[in-house]
1. If I go through region 125-156 residue by residue, how many of them are in contact with a helix residue (DSSP H, G or I) (Cβ under 9 Å, 6 or more places away or on another chain) and either in contact (Cβ under 8 Å) with a residue 12 or more places away in the chain or surrounded by 14 or more Cβ atoms within 10 Å (Cβ to Cβ) (or both)?
2. Only one of these is modelled with pLDDT of 90 or more and surrounded by fewer than 19 Cβ atoms within 10 Å (Cβ to Cβ): 38, 85. Name it.
3. I'd like to verify a number: residues in region 47-69 that are touching a helix residue (DSSP H, G or I) at 6+ places or on another chain (Cβ under 9 Å) and either at pLDDT 85 or above or assigned to a helix (DSSP H, G or I) (or both), how many?
């Protein structure tokens with residue numbers, strides 16, 4: 001497959017996931033689009049062999065995380081843009097307020113919650129992606145959920 005067709009295929013298969021993940025870090029659509037483009041360029045340049053589509057997606061997510069963190073360091077976090085409606089999948093429209101609250105969490109909780117719930121990775125896969133022990137991922141998920149519950153209860157009067 002030539003490089004242009006491969007890039008189109010990657011964009012179709014993984015573009016939304018990469019863009020959402022980058023946006024969850026950067027809170028700026030233009031920066032997230034830049035990360036999407038850079039991730040695809042790096043993939044095409046490296047042309048790494050993969051065992052499966054899952055391994056390929058994990059590689060792309062890891063590159064996205066690293067590029068996003070580098071951009072944050074470089075930009076020192078820009079002003080938030082609103083997440084466009086087309087980035088939110090149809091079956092999750094009613095959870096927009098939850099993802100707004102997730103963006104308020106510290107990065108260590110935000111990244112594991114995003115990867116677990118939005119991208120549907122297991123704690124083992126997340127641990128591998130982030131080079132963390134699986135127990136650390138589970139602790140961060142638990143603490144992130146508690147903080148998220150507190151945010152939602154305060155802002156939306158959810159909870160018990």
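The values are calculated or read from the model by the stated rules, or taken from the named source; none is laboratory data. For clarity, every value in this text was computed on a predicted model and none was experimentally measured. Cβ: placed from backbone, ideal geometry, glycine included. Neighbour counts: every protein chain shown.
1. Number of matching residues: 22.
2. Only one candidate qualifies: 38.
3. Start the filter on region 47-69 by keeping residues that are touching a helix residue (DSSP H, G or I) at 6+ places or on another chain (Cβ under 9 Å), which leaves 47-48, 50, 53-54, 56-65, 67-69.
Next cut, either at pLDDT 85 or above or assigned to a helix (DSSP H, G or I) (or both) only: 53-54, 56-65, 67-69.
Counting residues in region 47-69 that are touching a helix residue (DSSP H, G or I) at 6+ places or on another chain (Cβ under 9 Å) and either at pLDDT 85 or above or assigned to a helix (DSSP H, G or I) (or both) gives 15.
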